[in-house]
Amino acid sequence: MSDDTNDGGVKQQKLQTPVGIHDLLPDDHEYFTFIKKVVRHRARQAGFKRITTPILENTEVFARGVGDATDIVSKEMYTFEDKGERSLTLKPEGTAGVVRSYIQHGMKEWPQPVQLYYIEPHFRYDKPQKGRYRQFWQIGFEIIGESDPALDAQIIDLANRINEDLGVAHLFSIQLNNIGCPKCRGKYKEDLVNFYIGKERSLCGNCQERLHNNPLRLLDCKSEDCQILAELAPKFDQYRCPECVDFYTKLKGFLDELAIEYVENPKLVRGLDYYTGTVFEFWDKHQGAQNAIGGGGRYDGLIELMGGPPTPGVGYASGIERIILNMKRENVTVPSKDAIHIFVAQLGDDAKRKCLPLMNKLRDRGIKTVGALGKASMKAQLRLADKFNVPYTLIMGITEVREGVIIIRDMAKGQQHTVSMDEVVEKVAALIGEENLDNYSPGEAIY
Ligand code: HAM
């Protein structure tokens, strides 16, 4: 970070991305594009529509939505005052913003349930490490307006199918729990706090703080001592009310019907306050809760909490960077559409004048084309063509300009032949093969 350079006697620090924040370079973008494509495809198949909420929201959206007592709100938000002294926050997660939007735009008048998905950057002042960043991307799905275990099963199934499409599903186990409704959870929280009272000194600093404002979180703390105590703590199973038992039983039945394997985990709580009933996470089979690839659950009280009418909801989100890490770990390759077909080399201004419109014609035909438009020698241009790893190079010198022709060079064989400028586009298209051309139709939806 402190890589200083001496610039005329003035020490300058190299400009870098902030800690925990990364550039998304072209290589990662190939994965990114592929993941977005899979998500859009699966979302459309299941009737989800895309939503983009702003990157900045009024802080109150998250303070109320995610919960003041959560780590996200109390420690991890990027919050600042704008010039009008309003408190704004870079969104740390997607659900609260979507719910704010559902209420603001009267989506309760739309056919219910409303099914929305998003592909968005999020920001958390987290401790940076592999798979944990301060800016990260999430894909997320929300179903708002109806409560039925079949919807929860559908969300889990969708998440699982996306992981399957991306070649990483087998690396993760689905951890499942039902943390009850306010009715059954109240008594449980009371007994849980009573269990921990007198044992505070065995808890980590974080859990000592959480004991009175967010006691459920003590169950899924990763510190070893807290885990030992959590094993001995009262279990929620005995507190679940009949409605929650019924909901949970039905959900498990639907998952069985869909042949989705899951692990019942009575200690799974999740780090956001809005959950009621179903919670689930996709855990790495070797690393456990560390670096979960995604998680979600039901939030039947959130819409009302945020000022809307009582409305149930369920959703899921997954981190794109973590998906990419796992795809790479599994050597999953993605089709690259970036490979260039043709390099155009030319000598002299006259040749350049002919080559510029030719490059446009080639591109319009779906032939991915780059050209050396600087002042390099022919030898340097051909070296560059090699670096682009193109199958063919088109060469135009002074003679070719005069004769209205151009040379096609087969880079692998080192052979070349001359064709007229009128037929070069079709000749090249035939060499590349119709199926390999990058034909873009403005009629297609572009996101
Ligand atoms: P979450 O568990 O906080 O849930 O985040 C979901 C996923 O986002 C995580 O499993 C992880 O893959 C990724 N993620 C979270 N924090 C980071 C980070 N610092 N660096 C990299 N990746 C990260 C939610 O955000 C809920 N809104 C999910 C939800 C939607 N529940 C209902 N609807």
Does Val269 meet the test of being touching a residue at least 40 places away in the same chain (Cβ under 8 Å), within 14 Å of the ligand (Cβ to nearest atom) and assigned to a strand (DSSP E or B)?
no
Residue list for region 130-147, filter: near the ligand (Cβ under 9 Å from one of its atoms) and out of contact with any strand residue (DSSP E or B) (no Cβ under 8 Å at 6 or more places or on another chain):
Arg132, Tyr133
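Go over the candidates Arg64, Arg134, Arg100 one by one and state the one that is basic (Lys, Arg) and modelled with pLDDT under 95.
Values: Arg134 fails: modelled with pLDDT under 95; Arg100 fails: modelled with pLDDT under 95.
It is Arg64.
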All conditions in (1) of a type in the set (A, V, I, L, M); (2) more than 16 Å from the ligand (Cβ to nearest atom); (3) not assigned by TED's automatic domain parsing to the domain that holds Glu304 are true of Leu219 except (2)
Any idea how many residues of region 337-356 are outside any loop (DSSP other than H, G, I, E, B) and in contact (Cβ under 8 Å) with a residue 40 or more places away in the chain?
9
Got a sec? Which of Arg64, Arg124 is within 10 Å of the ligand (Cβ to nearest atom) and assigned by TED's automatic domain parsing to the domain that holds Ala150?
Arg124
Which pairs do you get when a residue that is assigned to a strand (DSSP E or B), found in region 161-179, comes within reach of a residue that is surrounded by fewer than 16 Cβ atoms within 10 Å (Cβ to Cβ) and among the acidic types (Asp, Glu), reach meaning Cβ atoms under 6 angstrom, with the pair 6+ apart or on two chains?
Leu176/Glu264
Take region 180-205 and flag every residue that is free of Cβ contacts under 8 Å to residues at least 24 places away in the same chain and surrounded by 15 or more Cβ atoms within 10 Å (Cβ to Cβ).
Cys204
Sole miss for Gly294 among (1) in contact (Cβ under 8 Å) with a residue 40 or more places away in the chain; (2) closer than 30 Å to Glu109 by Cα; (3) within 16 Å of the ligand (Cβ to nearest atom) is condition (2)
Search result, residues across region 16-35 that are surrounded by 12 or more Cβ atoms within 10 Å (Cβ to Cβ) and outside any helix (DSSP H, G or I)
Gly20, Ile21, His22, Leu24
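The values are calculated or read from the model by the stated rules, or taken from the named source; none is laboratory data. Every value quoted in this text rests on a predicted model; they were computed, and no experiment measured them. Quick reminder, even Gly has a Cβ in these numbers, built from the backbone with ideal geometry, and neighbours come from all protein chains shown.
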